[in-house]
1. Could you give the length gained by full extension between residue 105 and residue 48, i.e. 0.36 nm per residue of separation minus their alpha carbon distance, to one decimal place?
2. What's the angle, to the nearest 10 degrees (0 to 90), between helix 87-96's Cα axis and the longest principal axis of the chain?
3. Once R0 is set to 25 Å, what does the formula 1/(1 + (r/R0)^6) return for the Cβ-Cβ distance between residue 113 and residue 21, expressed as a FRET efficiency to the nearest 0.05?
4. Taking the number of other C-beta atoms within 10 Å as the exposure measure, put 153, 95 in order starting with the fewest.
5. Could you give the angle, 0 to 90 degrees to the nearest 10, between helix 30-42's Cα long axis and the longest principal axis of the Cα atoms of the chain?
6. Indicate the gyration tensor shape class of the chain (rounded, prolate or oblate), computed on the Cα atoms with a ≥ b ≥ c the square roots of the eigenvalues: a/c under 1.5 is rounded; otherwise a/b larger than b/c is prolate and the rest oblate.
7. Take every Cα pair under 8 Å in region 1-42 that's 6+ residues apart, average their separations, divide by the length, and report that relative contact order as a whole percent.
8. Can you give the % of DSSP beta bridges in region 107-178 that are antiparallel, to the nearest 5?
């Protein structure tokens, strides 16, 4: 797969760049884009684990998804494989994997902005969920501007942990936002 993605940079139409654009892959170098593509397509372990937990009930649905960003979106949407979620699969995900946002104690998140495993957009979605539950006062989100999953420097982890300790023990709410250490 890595070889196919690498070749796709120099193939007419640059299919690797089209794939990266459509899938929203993070990365600013060819190596990062290839790794992100492998991570996205190759994460069958997580998918298979969830499929086992739902007793084979599908929890993923793309029947109404319109993909865009390729050289020919009409052909892409006509040819992409479609999956329908089952009610049992969706119910399992809603019960066990959908956050409620009902925080009662301080929570500090720390995320890399170009994470190929867990999209940085999940931070915004989680903040919206917490806000809808009326618990935003318990959430601070910090991020590091860098590529990679949990690609954090020890100082960044220590600083954020110290922020959390001061918040919990002394009521000093830490700042959110970029905490990248150069």
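Throughout, read-outs are computed from the coordinates displayed, never taken from laboratory work. The shown structure was predicted, so the numbers you read here are calculated from the model rather than taken from an experiment. Counting neighbours? That spans all protein chains shown, and the Cβs are built from the backbone with ideal geometry, glycine included.
1. Contour length minus the Cα-Cα distance gives 17.2 nm.
2. Orientation of helix 87-96: about 30 degrees from the principal axis.
3. Efficiency for this residue pair is about 0.90.
4. 95, 153
5. That helix lies at roughly 90 degrees to the long axis.
6. It is oblate, given that a/c is not under 1.5 and a/b is not larger than b/c.
7. 37
8. Antiparallel: roughly 0 percent of the beta bridges in region 107-178.
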